[in-house]
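The values are calculated or read from the model by the stated rules, or taken from the named source; none is laboratory data. All of these numbers come straight from a predicted model, not from anything done at the bench. Virtual Cβ from ideal backbone geometry, glycine too; neighbours counted across all protein chains shown. Just the protein is used for accessible areas: all its heavy atoms, side chains included, with ligands, DNA and RNA removed. Shrake-Rupley method; radii C 1.70, N 1.55, O 1.52, S 1.80 Å.
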Amino acid sequence: MSDRPRIAVTGRIPHAGMELLHEMGEVVAWDSLDVPSVQQVHEMVRGAHAVVTLLTTKVDDAFLDAAGPQLKVVSNVAVGHNNIDLAACAARGVVTTNTPGVLTDATADIAMALVLMVTRRLGEGERVIRRGEPWQWGMFYMLGSGIQGRRLGIIGMGDIGQALARRAKAFGMTIAYSNRRPVAPAVEAELGAQLMSLDELFATSDIVSVNCPYSPATHHLVSTAQFELMKPTAYLVNTARGPIVDEAALVQALQSGRIAGAGLDVFEAEPTVHPGLLECDNAVLVPHLGSATVETRNAMARLAAHNAVNVLSGVEPPTPIPPPAN
Ligand code: GLV
(Lines give C-alpha, C1' and ligand atoms only; values in the text may rest on other atoms or scores of the structure.)
Protein backbone atom coordinates (compact mmCIF):
# COMPACT_ATOMS: atom_id res chain seq x y z
CA MET A 1 0.00 0.00 0.00
CA SER A 2 1.21 3.51 -0.89
CA ASP A 3 2.41 5.66 2.00
CA ARG A 4 1.12 8.79 0.29
CA PRO A 5 -1.68 10.44 2.28
CA ARG A 6 -5.26 9.55 1.43
CA ILE A 7 -7.48 12.47 0.46
CA ALA A 8 -11.26 12.26 0.10
CA VAL A 9 -13.25 14.89 -1.79
CA THR A 10 -16.98 14.76 -1.04
CA GLY A 11 -18.20 16.48 -4.22
CA ARG A 12 -16.98 17.50 -7.66
CA ILE A 13 -14.61 20.47 -7.52
CA PRO A 14 -12.78 22.27 -10.35
CA HIS A 15 -9.63 20.79 -11.87
CA ALA A 16 -7.55 23.65 -10.42
CA GLY A 17 -8.03 22.11 -6.96
CA MET A 18 -7.94 18.45 -7.97
CA GLU A 19 -4.55 18.88 -9.64
CA LEU A 20 -2.93 20.00 -6.40
CA LEU A 21 -4.58 17.19 -4.44
CA HIS A 22 -3.41 14.51 -6.92
CA GLU A 23 0.17 15.79 -6.63
CA MET A 24 -0.05 15.37 -2.86
CA GLY A 25 -1.74 12.02 -2.32
CA GLU A 26 -4.12 9.25 -3.29
CA VAL A 27 -7.43 10.92 -4.04
CA VAL A 28 -10.90 9.40 -3.74
CA ALA A 29 -13.48 11.82 -5.12
CA TRP A 30 -17.27 11.73 -5.34
CA ASP A 31 -17.70 11.82 -9.09
CA SER A 32 -21.23 13.11 -9.54
CA LEU A 33 -23.01 16.44 -9.36
CA ASP A 34 -25.61 14.83 -7.08
CA VAL A 35 -25.07 15.24 -3.35
CA PRO A 36 -23.86 11.95 -1.79
CA SER A 37 -25.91 10.43 1.03
CA VAL A 38 -24.53 10.51 4.58
CA GLN A 39 -23.67 6.82 4.23
CA GLN A 40 -21.85 7.39 0.93
CA VAL A 41 -19.84 10.22 2.54
CA HIS A 42 -18.93 8.02 5.49
CA GLU A 43 -17.74 5.24 3.18
CA MET A 44 -15.70 7.69 1.13
CA VAL A 45 -13.88 9.27 4.08
CA ARG A 46 -12.89 6.02 5.79
CA GLY A 47 -9.10 6.07 6.35
CA ALA A 48 -8.65 9.58 4.90
CA HIS A 49 -5.93 11.90 6.18
CA ALA A 50 -7.63 14.91 4.61
CA VAL A 51 -11.21 15.49 3.52
CA VAL A 52 -12.20 18.29 1.17
CA THR A 53 -15.87 19.04 1.86
CA LEU A 54 -18.63 20.99 0.15
CA LEU A 55 -21.15 22.98 2.18
CA THR A 56 -23.66 20.16 1.62
CA THR A 57 -21.43 17.75 3.61
CA LYS A 58 -22.22 17.44 7.30
CA VAL A 59 -19.10 17.04 9.41
CA ASP A 60 -20.11 15.79 12.86
CA ASP A 61 -19.05 13.09 15.31
CA ALA A 62 -20.45 10.34 13.08
CA PHE A 63 -18.39 11.66 10.14
CA LEU A 64 -15.25 11.86 12.29
CA ASP A 65 -15.86 8.34 13.64
CA ALA A 66 -16.27 7.07 10.09
CA ALA A 67 -13.05 8.78 8.95
CA GLY A 68 -10.92 7.47 11.80
CA PRO A 69 -8.21 8.84 14.10
CA GLN A 70 -5.67 9.44 11.29
CA LEU A 71 -7.75 12.36 9.95
CA LYS A 72 -5.75 15.62 10.07
CA VAL A 73 -7.81 18.20 8.21
CA VAL A 74 -11.30 19.04 6.98
CA SER A 75 -11.03 21.64 4.24
CA ASN A 76 -14.37 23.25 3.37
CA VAL A 77 -14.79 24.67 -0.14
CA ALA A 78 -16.93 27.55 1.18
CA VAL A 79 -16.52 30.52 3.46
CA GLY A 80 -19.54 29.49 5.56
CA HIS A 81 -18.77 26.54 7.82
CA ASN A 82 -22.02 25.86 9.64
CA ASN A 83 -21.93 22.36 8.10
CA ILE A 84 -18.93 21.58 10.32
CA ASP A 85 -19.00 20.86 14.05
CA LEU A 86 -15.85 22.85 14.88
CA ALA A 87 -15.77 21.75 18.52
CA ALA A 88 -15.95 18.07 17.55
CA CYS A 89 -13.06 18.57 15.09
CA ALA A 90 -10.99 20.52 17.64
CA ALA A 91 -11.58 17.84 20.30
CA ARG A 92 -9.96 15.30 17.96
CA GLY A 93 -7.15 17.59 16.84
CA VAL A 94 -8.57 17.89 13.31
CA VAL A 95 -7.69 21.22 11.68
CA THR A 96 -10.56 22.98 9.89
CA THR A 97 -10.16 25.44 7.01
CA ASN A 98 -12.47 27.44 4.73
CA THR A 99 -12.19 29.74 1.69
CA PRO A 100 -12.69 33.37 2.73
CA GLY A 101 -11.62 36.25 0.50
CA VAL A 102 -11.77 34.59 -2.90
CA LEU A 103 -15.59 34.72 -3.04
CA THR A 104 -16.09 38.16 -1.51
CA ASP A 105 -16.68 40.08 -4.75
CA ALA A 106 -18.86 37.42 -6.40
CA THR A 107 -21.13 37.24 -3.35
CA ALA A 108 -21.33 41.02 -2.91
CA ASP A 109 -22.25 41.26 -6.61
CA ILE A 110 -25.18 38.89 -6.07
CA ALA A 111 -26.31 40.85 -2.99
CA MET A 112 -26.23 44.09 -4.99
CA ALA A 113 -28.02 42.37 -7.88
CA LEU A 114 -30.79 41.28 -5.49
CA VAL A 115 -31.08 44.84 -4.13
CA LEU A 116 -31.62 46.08 -7.68
CA MET A 117 -33.86 43.20 -8.74
CA VAL A 118 -36.24 43.47 -5.83
CA THR A 119 -36.48 47.27 -5.73
CA ARG A 120 -36.97 47.54 -9.52
CA ARG A 121 -39.26 44.48 -9.78
CA LEU A 122 -37.07 42.82 -12.38
CA GLY A 123 -38.20 39.26 -11.60
CA GLU A 124 -41.83 40.30 -11.89
CA GLY A 125 -41.14 42.06 -15.19
CA GLU A 126 -39.31 39.09 -16.61
CA ARG A 127 -42.15 36.77 -15.63
CA VAL A 128 -44.67 38.99 -17.48
CA ILE A 129 -42.67 38.72 -20.71
CA ARG A 130 -41.94 35.01 -20.40
CA ARG A 131 -45.59 34.25 -19.69
CA GLY A 132 -46.53 36.12 -22.87
CA GLU A 133 -48.77 38.49 -20.93
CA PRO A 134 -49.81 41.72 -22.65
CA TRP A 135 -47.80 44.77 -21.52
CA GLN A 136 -47.28 48.32 -22.63
CA TRP A 137 -44.88 51.07 -21.53
CA GLY A 138 -46.92 53.25 -19.22
CA MET A 139 -46.31 56.19 -16.89
CA PHE A 140 -47.53 54.12 -13.98
CA TYR A 141 -46.58 50.65 -15.18
CA MET A 142 -44.63 48.43 -12.76
CA LEU A 143 -43.06 51.21 -10.75
CA GLY A 144 -40.38 50.26 -8.28
CA SER A 145 -38.38 52.23 -5.74
CA GLY A 146 -35.18 54.13 -6.40
CA ILE A 147 -32.23 53.36 -4.14
CA GLN A 148 -30.31 56.65 -4.37
CA GLY A 149 -30.17 58.38 -1.00
CA ARG A 150 -31.77 55.35 0.69
CA ARG A 151 -30.25 53.58 3.69
CA LEU A 152 -28.79 50.10 3.33
CA GLY A 153 -28.56 48.35 6.71
CA ILE A 154 -25.93 45.61 6.68
CA ILE A 155 -26.05 42.89 9.33
CA GLY A 156 -22.52 41.50 9.54
CA MET A 157 -19.79 43.85 8.33
CA GLY A 158 -17.14 41.29 7.40
CA ASP A 159 -15.46 41.14 4.00
CA ILE A 160 -18.70 40.54 2.09
CA GLY A 161 -20.67 43.16 4.03
CA GLN A 162 -17.95 45.73 3.34
CA ALA A 163 -17.76 44.80 -0.36
CA LEU A 164 -21.54 45.21 -0.60
CA ALA A 165 -21.30 48.59 1.17
CA ARG A 166 -18.74 49.76 -1.42
CA ARG A 167 -21.08 48.82 -4.25
CA ALA A 168 -24.12 50.38 -2.58
CA LYS A 169 -22.21 53.59 -1.90
CA ALA A 170 -21.36 53.81 -5.60
CA PHE A 171 -25.11 53.57 -6.27
CA GLY A 172 -25.70 56.57 -3.98
CA MET A 173 -26.93 54.70 -0.91
CA THR A 174 -26.03 55.53 2.68
CA ILE A 175 -24.69 52.73 4.85
CA ALA A 176 -25.64 51.59 8.33
CA TYR A 177 -24.34 48.41 9.88
CA SER A 178 -24.61 46.16 12.86
CA ASN A 179 -21.66 44.01 13.87
CA ARG A 180 -20.14 42.35 16.92
CA ARG A 181 -17.58 45.15 16.97
CA PRO A 182 -17.01 48.35 14.99
CA VAL A 183 -15.03 48.04 11.75
CA ALA A 184 -11.71 49.90 11.49
CA PRO A 185 -12.22 53.69 11.63
CA ALA A 186 -10.62 54.05 8.17
CA VAL A 187 -13.19 51.64 6.68
CA GLU A 188 -16.06 53.39 8.49
CA ALA A 189 -14.84 56.70 7.10
CA GLU A 190 -14.35 55.36 3.57
CA LEU A 191 -17.86 53.92 3.50
CA GLY A 192 -19.50 56.64 5.60
CA ALA A 193 -20.87 53.68 7.54
CA GLN A 194 -22.74 54.19 10.79
CA LEU A 195 -22.71 51.47 13.47
CA MET A 196 -26.08 50.95 15.16
CA SER A 197 -28.02 48.41 17.20
CA LEU A 198 -29.92 45.73 15.31
CA ASP A 199 -33.25 47.25 16.36
CA GLU A 200 -32.29 50.68 15.09
CA LEU A 201 -30.98 49.16 11.87
CA PHE A 202 -34.26 47.30 11.24
CA ALA A 203 -36.34 50.38 12.09
CA THR A 204 -34.47 52.89 9.93
CA SER A 205 -33.16 50.99 6.90
CA ASP A 206 -34.80 51.00 3.48
CA ILE A 207 -33.04 47.76 2.65
CA VAL A 208 -31.70 45.29 5.20
CA SER A 209 -29.02 42.90 3.95
CA VAL A 210 -28.02 39.80 5.90
CA ASN A 211 -24.28 39.15 5.62
CA CYS A 212 -23.39 37.49 8.94
CA PRO A 213 -22.36 33.86 9.53
CA TYR A 214 -24.98 31.33 10.60
CA SER A 215 -24.65 29.87 14.11
CA PRO A 216 -27.06 29.07 16.96
CA ALA A 217 -26.72 32.75 17.92
CA THR A 218 -28.01 33.96 14.53
CA HIS A 219 -30.75 31.33 14.03
CA HIS A 220 -33.94 33.24 13.08
CA LEU A 221 -32.23 36.54 13.84
CA VAL A 222 -34.76 38.01 11.41
CA SER A 223 -38.28 37.00 12.44
CA THR A 224 -41.69 38.50 13.20
CA ALA A 225 -40.41 41.00 15.79
CA GLN A 226 -37.86 42.36 13.30
CA PHE A 227 -40.40 42.59 10.46
CA GLU A 228 -42.63 44.54 12.87
CA LEU A 229 -39.79 47.04 13.32
CA MET A 230 -39.17 47.47 9.58
CA LYS A 231 -40.74 50.18 7.44
CA PRO A 232 -43.55 48.85 5.23
CA THR A 233 -41.59 50.24 2.27
CA ALA A 234 -38.42 48.33 3.23
CA TYR A 235 -36.86 45.26 1.63
CA LEU A 236 -34.87 42.31 2.97
CA VAL A 237 -31.95 40.70 1.13
CA ASN A 238 -30.23 37.48 2.29
CA THR A 239 -27.10 36.07 0.69
CA ALA A 240 -25.66 34.52 3.88
CA ARG A 241 -27.48 31.42 5.14
CA GLY A 242 -31.19 30.64 4.96
CA PRO A 243 -31.92 29.80 8.61
CA ILE A 244 -30.85 33.29 9.75
CA VAL A 245 -34.28 34.34 8.44
CA ASP A 246 -37.48 32.77 9.74
CA GLU A 247 -38.99 31.90 6.35
CA ALA A 248 -42.54 31.36 7.62
CA ALA A 249 -42.45 34.81 9.27
CA LEU A 250 -41.03 36.29 6.07
CA VAL A 251 -43.86 34.83 3.98
CA GLN A 252 -46.33 36.35 6.42
CA ALA A 253 -44.57 39.75 6.23
CA LEU A 254 -44.53 39.66 2.42
CA GLN A 255 -48.13 38.52 2.07
CA SER A 256 -49.49 41.03 4.55
CA GLY A 257 -47.52 43.96 3.09
CA ARG A 258 -45.62 44.33 6.40
CA ILE A 259 -42.51 44.79 4.22
CA ALA A 260 -42.26 45.65 0.53
CA GLY A 261 -40.21 42.74 -0.77
CA ALA A 262 -37.31 40.30 -0.37
CA GLY A 263 -34.38 39.08 -2.43
CA LEU A 264 -33.10 35.66 -1.40
CA ASP A 265 -30.12 33.62 -2.55
CA VAL A 266 -30.33 31.20 0.37
CA PHE A 267 -33.15 29.25 1.99
CA GLU A 268 -33.92 27.60 5.30
CA ALA A 269 -34.10 24.02 4.03
CA GLU A 270 -32.19 24.06 0.74
CA PRO A 271 -32.97 22.93 -1.87
CA THR A 272 -36.58 23.16 -0.65
CA VAL A 273 -38.11 26.63 -0.86
CA HIS A 274 -41.04 27.57 1.39
CA PRO A 275 -44.11 27.18 -0.87
CA GLY A 276 -45.45 30.53 0.39
CA LEU A 277 -42.43 32.31 -1.10
CA LEU A 278 -43.19 30.90 -4.54
CA GLU A 279 -46.52 32.69 -4.44
CA CYS A 280 -45.05 36.08 -3.48
CA ASP A 281 -44.51 38.24 -6.55
CA ASN A 282 -42.54 40.63 -4.33
CA ALA A 283 -39.87 37.97 -3.63
CA VAL A 284 -36.86 37.47 -5.90
CA LEU A 285 -35.61 33.91 -5.48
CA VAL A 286 -32.30 32.61 -6.82
CA PRO A 287 -30.72 29.20 -6.08
CA HIS A 288 -27.66 29.89 -3.85
CA LEU A 289 -25.52 31.45 -6.60
CA GLY A 290 -23.41 33.77 -4.40
CA SER A 291 -20.04 32.34 -5.37
CA ALA A 292 -21.14 30.76 -8.64
CA THR A 293 -18.71 32.15 -11.20
CA VAL A 294 -16.11 30.07 -13.02
CA GLU A 295 -13.29 32.26 -11.70
CA THR A 296 -14.50 32.17 -8.11
CA ARG A 297 -15.13 28.43 -8.02
CA ASN A 298 -11.64 27.81 -9.47
CA ALA A 299 -10.14 30.05 -6.80
CA MET A 300 -12.15 28.35 -4.05
CA ALA A 301 -11.05 24.89 -5.19
CA ARG A 302 -7.41 25.98 -5.40
CA LEU A 303 -7.49 27.56 -1.92
CA ALA A 304 -9.24 24.55 -0.37
CA ALA A 305 -6.68 22.19 -1.92
CA HIS A 306 -3.84 24.43 -0.76
CA ASN A 307 -5.25 24.34 2.78
CA ALA A 308 -5.44 20.54 2.79
CA VAL A 309 -1.98 20.08 1.24
CA ASN A 310 -0.39 22.44 3.74
CA VAL A 311 -1.83 20.65 6.75
CA LEU A 312 -0.75 17.28 5.33
CA SER A 313 2.75 18.71 4.84
CA GLY A 314 2.90 20.05 8.39
CA VAL A 315 2.73 23.68 7.26
CA GLU A 316 0.28 26.35 8.46
CA PRO A 317 -2.70 26.44 6.05
CA PRO A 318 -3.46 29.82 4.42
CA THR A 319 -7.00 30.11 5.80
CA PRO A 320 -7.72 28.11 8.96
CA ILE A 321 -11.18 28.68 10.45
CA PRO A 322 -10.57 30.96 13.43
CA PRO A 323 -11.69 29.70 16.83
CA PRO A 324 -15.16 31.03 17.75
CA ALA A 325 -15.14 34.50 19.34
CA ASN A 326 -16.42 34.64 22.93
C1 GLV B 1 -21.28 29.80 0.11
O2 GLV B 1 -22.42 29.90 0.49
C3 GLV B 1 -20.15 29.83 0.97
O4 GLV B 1 -20.31 29.86 2.20
O5 GLV B 1 -19.03 29.80 0.46
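Carbon-plus-sulfur fraction of the accessible area of the stretch 104-285, 1.4 Å probe, in percent? Result for the stretch 104-285: 57 percent of the exposed heavy-atom area is carbon or sulfur. Peptides 101-109, 214-222 ranked from most to least packed, by the mean per-residue count of other Cβ atoms within 10 Å: 101-109, 214-222.
Rg over Rh for the stretch 16-153 works out to 1.19, both radii taken from alpha-carbon positions and Rh defined as the Kirkwood radius. Computed over the stretch 104-285, the alpha-carbon pair-distance distribution with 10 angstrom bins reads 10, 39, 36, 12, 2, 0, each value a whole percent.
Normalised by 2.2 N^0.38 Å, where N is the number of residues, the alpha-carbon radius of gyration of the chain equals 1.08. Report, to the nearest 10°, how far helix 159-170 tilts away from the longest principal axis of the Cα atoms in the chain, using its own Cα long axis and a range of 0 to 90°. Between helix and principal axis, roughly 30 degrees. Where both bridge residues fall in the chain, DSSP classifies roughly 5% of the beta bridges as antiparallel. Computed per residue of the chain from DSSP H runs no shorter than four, each worth -39500 (n - 2.57), the mean residue ellipticity at 222 nm is -10500 deg cm²/dmol.
Assign unit charges at the C-beta atoms only (+1 for Lys and Arg, -1 for Asp and Glu), then state the dipole size of the stretch 1-92 relative to its Cα centre in Debye, rounded to the nearest 20. Intermediate results must be reported in sequence, preceding the final value.
Values: 7 positive and 11 negative charges, 26 e Å.
In debye, rounded to 20, the stretch 1-92 gives about 120.
Just checking the listed ones, ALA299, ALA111, ALA189: in the Gaussian network model of the chain with Cα springs under 10 Å, the one fluctuating most is ALA189.
Within 13 Å, Cβ to Cβ, of ARG150, how many net charges do the neighbouring residues add up to if Lys/Arg are +1 and Asp/Glu are -1? Spell out each step's value before the answer.
Values: positive: ARG120, ARG151, LYS169, LYS231; negative: ASP206.
Counting the neighbours of ARG150, the net charge comes to +3.
Averaging the sequence gap over all C-alpha pairs within less than 8 Å and six or more residues apart, then dividing by the number of residues, gives the stretch 104-285 a relative contact order of 21 percent. Each residue, ARG131 and GLU200, gets one label point 7 Å from its Cα in the Cβ direction; the gap between the two is 4.3 nm.
Shown is the FRET efficiency for THR224 and LEU278, computed with R0 = 22 Å from the Cβ-Cβ distance and rounded to the nearest 0.05: 0.60. Taking only Cα atoms, what is the 0 to 90° angle, nearest 10, from helix 104-119's long axis to the longest principal axis of the chain? Relative to the chain, helix 104-119 is tipped by roughly 30 degrees. Length gained on full extension, PHE171 to GLU23, computed as 0.36 nm times the residue gap minus the Cα-Cα distance: 48.7 nm. The residues of the chain have, on average, 48 Å² of accessible surface per residue, using a 1.4 Å probe with all protein chains present.
Provide the FRET efficiency to the nearest 0.05 for the ALA91-ARG181 pair, computing r from the beta carbons and using R0 = 25 Å.
Working: r = 28 Å, r/R0 = 1.11.
Result of the calculation: an efficiency of 0.35.
Net charge in the neighbourhood of GLU23 (other residues with Cβ under 13 Å of its Cβ; Lys, Arg +1, Asp, Glu -1) is 0.
Calculated FRET efficiency, SER313 to ALA16, Cβ-Cβ distance, R0 = 22 Å: about 0.75 to the nearest 0.05. Computed over protein heavy atoms with a 1.4 angstrom probe, the accessible surface ordering of LYS231, LYS169, largest first, is LYS169, LYS231. Counting only alpha carbon atoms, the long axis of helix 294-312 and the longest principal axis of the chain meet at about 40°. Label-to-label distance, VAL38 versus LEU143, with points set 7 angstrom from Cα along the beta-carbon direction: 5.3 nm.
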